[in-house]
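Chemist: For reference, the structure I am asking about is given below.
The values are calculated or read from the model by the stated rules, or taken from the named source; none is laboratory data. All of these numbers come straight from a predicted model, not from anything done at the bench. Glycine also receives a Cβ, built like all others from the backbone with ideal geometry; neighbour counts cover every protein chain displayed.
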Amino acid sequence: MPTHGSPASDGAFALELRRVSVAFDARAVLDAVDLACAPGEVVALVGPSGAGKTTLLRLWNAALAPTSGSVRVHGADLAERTPRELRELRSRIGFVHQDLALVPNLRVLQNVLHGALGRQSFLSAARTALFPAREEQERAAVLLERVGIGEKLFQRTDTLSGGQRQRVAIARALYQEPAALLCDEPVSSVDPARARDTVQLLTALAKERGFTLVVSLHDVRLAREFFPRLVGLRGGRVWFDRRNGDVRSSELDDLYSLERAELLADGS
């Protein structure tokens, strides 16, 4: 498995796709993709809309099964795992959705505590949400302080700004104590300054806590600034997979300019 120069971190998950294809209604979304991330590695997925970035992340989160090929997390082929084993694996994989997937009418504390749902029974989860123990509140407060919104602990989530809601989603993922964190366009709905702050926070947290981090981004400048490895996706295929410094600017331009050329050819 290639490491691209990144040190392995104890407890972090390795992620791998082996000749993975995914098709919806006979339309190929991923086409024979081989990709591996070493434990503790920090990787950016870049490419135009529809390139397959979200699908790729959902495979590693065990939210989607491939049409063919194998998906491996922490050395385990997901197709060979029992439902209980899959649940346990998923409980250690944080996922920050593009729409954040927060419950708007709940307080920030309750949304953060939802990060533990994968490890609890329904009754335990309900108890935690309604009557959190002091240690649970304190742990959530520490995480919110780390992401810069410690004072929002008891505020309703729907009263927060977009950037603050992003940080709630990150804190919720951290509450899982993730061995891997997957982020699907986490900064698509905020201004450039807040987007940069969020990406900087995510990469700093990965370094501090040692988890594997894979983030899909439209903003190539952010990928260039913060990620040591870039994977370019287009049309469901890997176009390049290299160290940041080895990726030429012309390759990134081509990754997106090809899309523009196809739109013009289609008359769009």
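Chemist: Do we find a residue being surrounded by 15 or more Cβ atoms within 10 Å (Cβ to Cβ) and under 23 Å from the mean Cα position of the chain (by Cα) anywhere in the range 154-161?
Modeler: yes
Chemist: While we're here: Please enumerate the residues belonging to the range 23-71 that are among the acidic types (Asp, Glu) and crowded, with 21+ Cβ neighbours inside 10 Å.
Modeler: Hit for the range 23-71 is GLU41, nothing else.
Chemist: Name the residue, out of ALA116, ALA44, ALA38, that is over 24 Å from ARG224 (Cα atoms) and either in contact with a helix residue (DSSP H, G or I) (Cβ under 9 Å, 6 or more places away or on another chain) or among the aliphatic types (A, V, I, L, M) (or both).
Modeler: Criteria check complete, one pass: ALA116.
Chemist: Could you grab me the full set of residues in the range 46-84 that are free of Cβ contacts under 8 Å to residues at least 24 places away in the same chain, touching a strand residue (DSSP E or B) at 6+ places or on another chain (Cβ under 7 Å) and not aliphatic (A, V, I, L, M)?
Modeler: ASP77
Chemist: Take PHE227 and decide whether it is at pLDDT 95 or above, aromatic (Phe, Trp, Tyr) and under 16 Å from PHE95 (Cα atoms).
Modeler: no
Chemist: Let me ask something else. Only residues that are outside any loop (DSSP other than H, G, I, E, B) and closer than 20 Å to ASP99 by Cβ: list them for the range 140-162, please.
Modeler: LYS152, ARG156, THR157, ASP158, THR159, GLY162 - these are the residues of the range 140-162 that are outside any loop (DSSP other than H, G, I, E, B) and closer than 20 Å to ASP99 by Cβ.
Chemist: Now for a different question. Which count do you get for residues in the range 75-105 that are within 16 Å of the chain's Cα centre (by Cα), surrounded by 13 or more Cβ atoms within 10 Å (Cβ to Cβ) and not hydrophobic (A, V, I, L, M, F, W, C)?
Modeler: 6
Chemist: Only one of (1) modelled with pLDDT under 95; (2) within 13 Å of ARG107 (Cα to Cα) fails for ALA141. Which number is that?
Modeler: Of everything listed in (1) modelled with pLDDT under 95; (2) within 13 Å of ARG107 (Cα to Cα), ALA141 misses just condition (1).
Chemist: For the range 46-81, which residues satisfy the criterion of being of a type in the set (A, V, I, L, M) and more than 14 Å from LEU17 (Cα to Cα)?
Modeler: VAL46, ALA51, ALA63
Chemist: What pairs come up if the first residue lies in the range 222-244 and is farther than 14 Å from TYR256 by Cα and touching a residue at least 40 places away in the same chain (Cβ under 8 Å), the second is among the acidic types (Asp, Glu) and buried (at least 19 other Cβ atoms within 10 Å of the Cβ), and their beta carbons are under 7 Å apart, counting only those six or more places apart or on different chains?
Modeler: Once the first residue is farther than 14 Å from TYR256 by Cα and touching a residue at least 40 places away in the same chain (Cβ under 8 Å) and sits in the range 222-244, its partners that are among the acidic types (Asp, Glu) and buried (at least 19 other Cβ atoms within 10 Å of the Cβ) give ARG229/GLU41.
Chemist: While we're looking at this one, here's another question. It is to be established whether one or more residues within the range 8-17 are in contact with a His (Cβ under 7 Å, 6 or more places away or on another chain) and at pLDDT 90 or above.
Modeler: Yes: the range 8-17 contains one or more residues that are in contact with a His (Cβ under 7 Å, 6 or more places away or on another chain) and at pLDDT 90 or above.
Chemist: Run LEU123 past the list (1) assigned by TED's automatic domain parsing to the domain that holds ARG156; (2) hydrophobic (A, V, I, L, M, F, W, C); (3) touching a Leu at 6+ places or on another chain (Cβ under 9 Å) and report the number of the one that doesn't hold.
Modeler: (3)
Chemist: Do any strands (runs of 3 or more DSSP E) lying entirely in the range 163-264 carry at least 3 residues that are surrounded by 20 or more Cβ atoms within 10 Å (Cβ to Cβ) and either out of contact with any Cys (no Cβ under 6 Å at 6 or more places or on another chain) or outside the structural domain of LEU109 (by TED's automatic domain parsing) (or both), and which ones are they?
Modeler: By residue number, 180-184, 212-217, 229-234.
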